[in-house]
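Right, one structure below, let's go through it.
The values are calculated or read from the model by the stated rules, or taken from the named source; none is laboratory data. The structure displayed is predicted, hence computed values, not measured ones. Ideal geometry is used to build each Cβ from the backbone, glycine not excepted, and the neighbour counts take in all protein chains shown. Heads up: the accessible areas ignore ligands, DNA and RNA and are worked out on the full protein's heavy atoms, side chains in. Shrake-Rupley method; radii C 1.70, N 1.55, O 1.52, S 1.80 Å.
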Amino acid sequence: MHTSRILRRSRRHRMIGGVVGGFAEYLGMDPTLARLLYVVLSVATAFCGILVYVICWLAIPEE
(Lines give C-alpha, C1' and ligand atoms only; values in the text may rest on other atoms or scores of the structure.)
Protein backbone atom coordinates (compact mmCIF):
# COMPACT_ATOMS: atom_id res chain seq x y z
CA MET A 1 0.00 0.00 0.00
CA HIS A 2 1.30 3.44 -0.91
CA THR A 3 1.23 6.13 1.74
CA SER A 4 1.44 9.69 0.50
CA ARG A 5 3.51 12.20 2.38
CA ILE A 6 2.36 15.79 2.64
CA LEU A 7 4.71 18.65 3.38
CA ARG A 8 3.55 20.51 6.49
CA ARG A 9 5.19 22.93 8.92
CA SER A 10 6.25 21.01 12.00
CA ARG A 11 4.88 21.65 15.47
CA ARG A 12 7.32 19.27 17.16
CA HIS A 13 10.54 20.46 15.47
CA ARG A 14 9.82 24.16 15.39
CA MET A 15 12.28 26.95 16.09
CA ILE A 16 10.53 29.86 14.38
CA GLY A 17 7.80 28.80 11.98
CA GLY A 18 8.41 25.08 11.62
CA VAL A 19 9.38 25.25 7.95
CA VAL A 20 12.80 23.58 8.19
CA GLY A 21 11.49 21.09 10.74
CA GLY A 22 8.67 20.24 8.35
CA PHE A 23 11.13 19.68 5.50
CA ALA A 24 13.23 17.48 7.80
CA GLU A 25 10.21 15.36 8.72
CA TYR A 26 9.15 15.14 5.08
CA LEU A 27 12.63 14.02 3.99
CA GLY A 28 13.14 11.76 7.01
CA MET A 29 16.25 13.50 8.30
CA ASP A 30 17.43 14.96 11.59
CA PRO A 31 15.96 18.46 12.16
CA THR A 32 19.27 19.77 13.53
CA LEU A 33 21.11 18.69 10.39
CA ALA A 34 18.38 20.25 8.25
CA ARG A 35 18.73 23.56 10.12
CA LEU A 36 22.50 23.49 9.72
CA LEU A 37 22.15 22.86 5.97
CA TYR A 38 19.58 25.66 5.72
CA VAL A 39 21.90 28.16 7.42
CA VAL A 40 24.86 27.18 5.23
CA LEU A 41 22.78 27.46 2.05
CA SER A 42 21.24 30.71 3.19
CA VAL A 43 24.63 32.30 3.83
CA ALA A 44 26.07 30.87 0.60
CA THR A 45 23.25 32.42 -1.43
CA ALA A 46 23.59 35.87 0.13
CA PHE A 47 20.69 35.34 2.53
CA CYS A 48 18.12 34.57 -0.21
CA GLY A 49 17.14 31.66 2.04
CA ILE A 50 15.44 34.10 4.39
CA LEU A 51 13.08 35.21 1.62
CA VAL A 52 12.43 31.57 0.68
CA TYR A 53 11.73 30.76 4.34
CA VAL A 54 9.14 33.53 4.63
CA ILE A 55 7.43 32.43 1.41
CA CYS A 56 7.35 28.82 2.62
CA TRP A 57 6.05 29.95 6.01
CA LEU A 58 3.10 31.60 4.26
CA ALA A 59 2.52 28.85 1.69
CA ILE A 60 2.99 25.59 3.64
CA PRO A 61 0.12 24.68 5.97
CA GLU A 62 0.78 23.79 9.62
CA GLU A 63 0.36 20.17 10.70
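Out of residues 5 or more away from ARG9 or on other chains, whose amide H comes under 5 Å of its own, with H placed 1.01 Å from N in the peptide plane?
Under 5 Å from the amide H of ARG9 lie the amide H atoms of GLU62, GLU63, each far enough along the sequence or on another chain.
Given the rule -39500 (n - 2.57) for each run of at least 4 DSSP H residues, summed and divided by the residues of the chain, what is its mean residue ellipticity at 222 nm, to the nearest 500 deg cm²/dmol? Don't skip to the answer; put the middle values down first.
Values: 3 runs with 35 residues, N = 63.
Roughly -17000 deg cm²/dmol at 222 nm, from the helical runs in the chain.
From the protein chains alone at 1.4 Å, what is the descending order of accessible area for SER42, SER4, largest first? Don't skip to the answer; put the middle values down first.
Values: SER42 5, SER4 95 Å².
So, going from the largest accessible area down, we get SER4, SER42.
What does the highest-first list of 30-39, 16-25 look like by mean Cβ count within 10 Å?
Numbers: 30-39: 14.3, 16-25: 21.1.
Result, highest mean Cβ count within 10 Å first: 16-25, 30-39.
Work through the residues other than SER10 whose Cβ is under 15 Å from its Cβ and net out their charges, Lys, Arg +1 and Asp, Glu -1. Don't skip to the end; give the middle numbers.
Numbers: positive: ARG5, ARG8, ARG9, ARG11, ARG12, ARG14, ARG35; negative: GLU25, ASP30, GLU62, GLU63.
Residues close to SER10 contribute a combined charge of +3.
Per residue, how much space in cubic angstrom lies within the convex hull of the C-alpha atoms of the chain? Could the numbers behind the result be given before it?
On the way: hull volume 5.6 nm³, N = 63.
Dividing the Cα hull volume of the chain by its residues yields 88 Å³.
Ignoring any ligand, DNA or RNA, what whole percent of the accessible area of the chain comes from carbon and sulfur when the probe is 1.4 angstrom? Intermediate values should be presented prior to the final figure.
Numbers: 3280 of 4700 Å².
Exposed carbon and sulfur together represent 70 percent of the surface.
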